[in-house]
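Visitor: Here's a structure for you.
The values are calculated or read from the model by the stated rules, or taken from the named source; none is laboratory data. Quick caveat, the model's predicted, so the values are computed rather than measured. Here the Cβ is made from the backbone with ideal geometry for all residues, glycine too, and neighbour counts use every protein chain on show. Note: areas computed on protein heavy atoms with side chains; ligands, DNA, RNA excluded. Shrake-Rupley method; radii C 1.70, N 1.55, O 1.52, S 1.80 Å.
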Amino acid sequence: MKKLSLTCAATALLAATAPAVIAGGDVNIYSSRHYDTDERLYSDFEAATGITVNRIEGKADELIARIKAEGRNSPADVILTVDTSRLERAKDAGVLQPIDSPLLEARIPGYLQDKDNEWFGFTQRARVIFYNKKDVTEPPQTYEDLADPKYKGMVCIRSSTSTYNQTLLAAIITHDGPEKAKEWAQGVVDNMARAPQGGDTDQLRGLASGECEIAVANTYYFARTIRTNVEGVSDHLDVIGWVFPNQNSYGAHMNLSGAGVAVNAPNRENAIKFLEYLASDSAQKYFSAGNDEYPAVPGVGLPPSVAALGFFKPDDIDLSVVAKQIPEAQKIFDEVGWK
């Protein structure tokens, strides 16, 4: 285990979410979030509660497998990861347990909670259509429009192994049904400017370089290019436009980061305290400012880089329902040749 040191000055939690007394003890977090900005969250929690944070980092599937192998002797208290698909995999693997927390129930919107309360979402990212304003005068307004033949040879998008794309297709299956979802996936493949490659930032670079005219990426990748210098993108912001899709129907698809309590958590009470801390206004603001994400808790203010993207209607479909369609989504990707 790696013990985090107090590297930053602590900030007070909201009275509504702070523990009444210093709790002490430990909480062991298995995390697949790889953002340096999260360090402040851990140090603030330690300072506010007296609970020592121990952390193991790795890929989500590796951490899930590790917890299963450790069995009843697992030291894991919290599983923290990115995307609904991974949270649902953890649930299906039996490495999570139900969480009884009126505070989390009240603070986190219902569509960002597992129906059995085995995980809660704490940050959101919208999956958005970006386009080159010089080359595209009529950009797609919906996800479904990405399959329109008029955009043939214009689209940059990640591979079918991307959890972001898996969850997006699962949402389209949920909204439109599997047949229309398969037609959509085939249409997007037909419209690709290149074979899928790289991450979301690489799709934005393809847009800026002229390799494609339309790209799909999560908002926090683009907001980061506004806040900091991202090579190959930040120098081209003047030509990049964006569309929050499906504003006249179900709204823009939202990915999330979330967490749950491990099934054999030796420090269960501290694990729940940590999750409740993640739902505090102070942690929600830091998530947003530090990593350009949208807070899960309504009413929390946005930093300039995120606010610059504008207001939009999010898809508030129950993400635990969407997650059940991920196996069907992968099957469709394979059938249409989405690499």
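Visitor: Of all DSSP beta bridges in the chain, what percent run antiparallel (nearest 5)?
Guide: Once the DSSP bridges in the chain are tallied, antiparallel ones form about 70 percent.
Visitor: Another one. Relative to a virtual label point 7 Å from the Cα of Glu138 in the Cα→beta-carbon direction, which members of the range 232-266 show backbone nitrogen distances below 19 Å?
Guide: Within reach of a label on Glu138: 241-248.
Visitor: Still on this structure: Please give the length that would be gained between Ser209 and Glu105 if that part of the chain were fully extended, namely 0.36 nm times their separation in residues minus their C-alpha to C-alpha distance (nm, one decimal).
Guide: In short, 32.9 nm is gained.
Visitor: Students often forget the sequence filter, so: which lysines lie under 20 Å Cα-Cα from Lys115 once same-chain residues fewer than 8 apart are removed?
Guide: Lys91, Lys324
Visitor: So, one more: Can you pull the three principal axis extents for the Cα set of the range 137-253, in Å, largest first?
Guide: Ordered largest first, the range 137-253 gives principal extents of 41, 30, 25 Å.
Visitor: Only Cα pairs under 8 Å and at least 6 apart count here; give the relative contact order of the range 271-339 as a rounded whole percent.
Guide: 17 percent
Visitor: Could you tell me the ratio Rg/Rh of the range 181-318? Both radii from Cα atoms, Rh via Kirkwood.
Guide: 1.03
Visitor: On to the next question. Can you list the lysines whose alpha carbon is less than 17 Å from that of Lys150, not counting same-chain residues fewer than 8 positions off?
Guide: Qualifying lysines at Cα under 17 Å: Lys133, Lys134.
Visitor: Same structure, new question: Once you place label points 7 Å from the Cα toward the Cβ at Thr228 and Ile56, how far apart are they in nm?
Guide: According to this spin-label approximation, the distance is 2.8 nm.
Visitor: Charges only on Cβ, +1 for Lys and Arg, -1 for Asp and Glu: so what's the dipole of the range 157-249 about the Cα centre, in debye to the nearest 20?
Guide: For this selection, approximately 240 debye.
Visitor: Taking the Cα centre of each part, how many Å lie between the range 182-253 and the range 67-81?
Guide: 36 Å
Visitor: Projected onto the charge dipole of the range 232-339 (+1 at Lys/Arg Cβ, -1 at Asp/Glu Cβ, origin at the Cα centre), which of Gly337, Ala279, Val263 gives the Cα projection farthest towards the positive end?
Guide: Val263
Visitor: Using +1 on the beta carbon of Lys and Arg, -1 on that of Asp and Glu, and nothing else charged, what's the dipole of the chain about the Cα centre, debye to 20?
Guide: Here the chain has a charge dipole of around 420 debye.
Visitor: What is the gain in length, in nm to one decimal, between Val300 and Lys180 on full extension, counting 0.36 nm per residue of separation less the C-alpha to C-alpha distance?
Guide: My answer for the length gained is 39.5 nm.
Visitor: Where the only charges are on Cβ atoms (+1 Lys, Arg; -1 Asp, Glu), what is the dipole of the range 31-115 about its Cα centre, to the nearest 20 debye?
Guide: With Lys and Arg at +1 and Asp and Glu at -1, about 240 debye.
Visitor: Against the empirical 2.2 N^0.38 Å scaling, what ratio does the C-alpha Rg of the range 254-339 come to?
Guide: 1.43
Visitor: Take the alpha carbon atoms of the range 266-339, find their center, do the same for the range 124-170, and report the distance between the two centers in whole angstrom.
Guide: What the calculation gives is 20 Å, centre to centre.
Visitor: Relative contact order of the range 126-282, please, whole-number percent, based on alpha carbon pairs below 8 angstrom and at least 6 residues apart.
Guide: Once divided by the residue count of the range 126-282, the mean separation gives 36 percent.
Visitor: In Å², and per residue, what accessible area does the chain have when probed at 1.4 Å with the other protein chains present?
Guide: 40 Å²
Visitor: Write down the Å³ per residue value for the convex hull defined by the alpha carbon atoms of the chain.
Guide: That works out to 127 Å³ per residue.
Visitor: Right, another one. Angle check, please: helix 178-191 long axis (alpha carbons) against the longest principal axis of the chain (alpha carbons), in degrees 0 to 90, nearest 10.
Guide: That works out to roughly 60 degrees.
Visitor: Among Ile99, Ala307, His34, which residue has its Cα furthest toward the positive end of the charge dipole of the chain, with +1 on Lys/Arg Cβ and -1 on Asp/Glu Cβ?
Guide: His34
Visitor: So if I take the alpha carbon set of the range 93-179, get Rg, then get Rh from the Kirkwood formula, what is the Rg over Rh ratio?
Guide: Ratio of gyration radius to Kirkwood radius for the range 93-179: 1.09.
Visitor: Mind checking the full-extension length gain between Asp116 and Ala307? Use 0.36 nm per residue of separation minus the Cα-Cα distance, one decimal, nm.
Guide: 65.5 nm
Visitor: Within the accessible area of the chain, what % is carbon and sulfur when the probe is 1.4 Å and the other protein chains stay in place?
Guide: Answer for the chain is 50 percent, counting heavy atoms of protein chains only.
Visitor: I want to check the label-to-label distance for Lys150 and Thr37. Put each point 7 Å from Cα in the C-beta direction and report it in nm to one decimal.
Guide: So the two model labels end up 3.6 nm from each other.
Visitor: Can you list the HN-Hα couplings for the range 211-217, worked out from phi with the Karplus curve (6.51, -1.76, 1.60; θ = phi - 60°), rounded to whole Hz and with x for Gly and Pro?
Guide: 5, 8, 9, 9, 9, 10, 7
Visitor: Continuing with this model, one more query. Measure nothing but the geometry: give the 0 to 90° angle between the long axis through the Cα atoms of 200-209 and the longest principal axis through the Cα atoms of the chain, rounded to 10°.
Guide: 30 degrees
Visitor: Note down the relative contact order for the chain as a percent, whole number, built from C-alpha pairs under 8 angstrom at least six residues apart.
Guide: So the answer I get is 27 percent.
Visitor: Follow-up. If we sort 51-60, 310-319 on the protection proxy, mean other Cβ atoms within 10 Å, highest first, what's the order?
Guide: 51-60, 310-319
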